[in-house]
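K.L.:
Following this message is one structure expressed as structure tokens.
The values are calculated or read from the model by the stated rules, or taken from the named source; none is laboratory data. What you see is a predicted model; the values in this text were computed from it and never measured. Reconstructed Cβ throughout: ideal geometry from the backbone, glycine too, with neighbour counts over all protein chains shown.
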Amino acid sequence: MKIKPYSLSPNSKKVSNLIVRSLTGIVFVAAIIGSALVSQYAFAVLFFVVNILALHEFYSLVGKGLGLKPQKIVGYISGCILYTSVSLVALSLINMSFLALNLFVPLLIVVSELFRKNNNSITNIAYTLFGALYVSVPLSILNVFFNPELQPGISQPDILIGFFFILWTYDTFAYLSGMLLGRHKLFERISPKKTWEGAIGGMAFGLVTAWLISNFFIEFSTIEWLVIAGLIICFGTFGDLAESMFKRNINVKDSGNLLPGHGGLLDRFDAVFLAAPAVFIFIVLIKNY
């Protein structure tokens, strides 16, 4: 008599995936919040590493999925210039005038392509530059959340922690609501698994989280925190869909396998890439007007 190999039922697989996803999420959250609470320097260093790894994922996907040859090394250097310059300004270690160095990034990428023998020069330049802008700029902006007014000697993690709490709450409850209640597709052409029920459930919990945060993090009023939550939910969703669109175009499920249950860093930070700039614009406006 043959013994059939044991296999998990679909429901057991869902539970197992949820456990793995949750454990990875706990470590992920602990690393980000822990570094933010330790110091802005610790956070900046952690995300410098995240920046490089995310750039590596992006350029690897472009290379394998589209058969192109983006300038990986130049892309890493460009991304590091963008991230480091903004981070050092946020840390009050250099003057804002040093941000002009970022103008060298497109020049560096274009000039470097001159020395490569490739027929897809314009496409390679475009993807190399896009990778640096798409990944490094939003990640660098997170450092400014510690001190949006760039006052020397000021470093408060409340805004950054509030940003991530709202984002994670929305993401978590959108996932759970969609898994339990999802019926109507949100954007089936790009992401078949996302549903309106998931988005609405995530939005409700995200707004409640913003209201709770407003009672402890008094940098902003309750209304301002709710607006920030709205921006995070809206542009975070667009960021998630944009990442899905990229992966669908190159026919891959996950950007990588660095984070069990979550995929790669691009998968985990897809919402941040669009939400961080949107929230930053709002914060700058309300701080100055």
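K.L.:
What about Leu93, is it at pLDDT 90 or above and part of a loop (DSSP other than H, G, I, E, B)?
P.N.:
Yes.
K.L.:
Only one residue in Leu265, Leu181 is in contact (Cβ under 8 Å) with a residue 12 or more places away in the chain, surrounded by 15 or more Cβ atoms within 10 Å (Cβ to Cβ) and among the aliphatic types (A, V, I, L, M), so which one is that?
P.N.:
Leu265
K.L.:
In the stretch 66-75, what count of residues is obtained for those that are in a helix (DSSP H, G or I) and surrounded by 19 or more Cβ atoms within 10 Å (Cβ to Cβ)?
P.N.:
Residues that pass the stated criteria total 2.
K.L.:
Check off (1) part of a helix (DSSP H, G or I); (2) under 21 Å from the mean Cα position of the chain (by Cα); (3) not aromatic (Phe, Trp, Tyr) for Pro148 and give me the number that stays unchecked.
P.N.:
(1)
K.L.:
Now, a different point. Just name the residue that is surrounded by the fewest Cβ atoms within 10 Å (Cβ to Cβ) out of those in the stretch 219-236 that are in contact (Cβ under 8 Å) with a residue 60 or more places away in the chain and assigned to a helix (DSSP H, G or I).
P.N.:
For the stretch 219-236, the residue satisfying everything is Glu224.
K.L.:
Can you name the condition, by its number, that Ser177 falls short on among (1) assigned to a helix (DSSP H, G or I); (2) out of contact with any Asp or Glu (no Cβ under 7 Å at 6 or more places or on another chain)?
P.N.:
Among (1) assigned to a helix (DSSP H, G or I); (2) out of contact with any Asp or Glu (no Cβ under 7 Å at 6 or more places or on another chain), the lone unmet condition for Ser177 is (2).
K.L.:
Please tell me if Val50 is aliphatic (A, V, I, L, M), farther than 22 Å from Thr172 by Cα and modelled with pLDDT of 95 or more.
P.N.:
For Val50, the condition - aliphatic (A, V, I, L, M), farther than 22 Å from Thr172 by Cα and modelled with pLDDT of 95 or more - is not met.
K.L.:
What's the total number of residues in the stretch 146-173 that are touching an Asp or Glu at 6+ places or on another chain (Cβ under 9 Å) and either under 21 Å from Phe238 (Cα atoms) or surrounded by fewer than 17 Cβ atoms within 10 Å (Cβ to Cβ) (or both)?
P.N.:
4
K.L.:
Hey, among the residues in the stretch 11-43 that are of a type in the set (Ser, Thr, Tyr) and in a helix (DSSP H, G or I), which one's modelled with the lowest pLDDT?
P.N.:
Among those that are of a type in the set (Ser, Thr, Tyr) and in a helix (DSSP H, G or I), it is Ser12.
K.L.:
Which one of these is part of a helix (DSSP H, G or I), at pLDDT 85 or above and under 29 Å from Asn147 (Cα atoms): Ile200, Ile166?
P.N.:
Ile166
K.L.:
Need pairs with beta-carbon distance below 8 Å; first residue closer than 16 Å to Gly131 by Cβ and within the stretch 237-260, second modelled with pLDDT under 75 and surrounded by fewer than 17 Cβ atoms within 10 Å (Cβ to Cβ); sequence gap 6+ or separate chains.
P.N.:
That search, which allows pairs on different chains as well, returns Lys247/Asp254.
K.L.:
Criterion first (assigned to a helix (DSSP H, G or I), on the phi < 0 side of the Ramachandran plot, surrounded by fewer than 16 Cβ atoms within 10 Å (Cβ to Cβ) and assigned by TED's automatic domain parsing to the domain that holds Tyr127) does Ser85 satisfy it?
P.N.:
Judged against the criteria, Ser85 is not a match.
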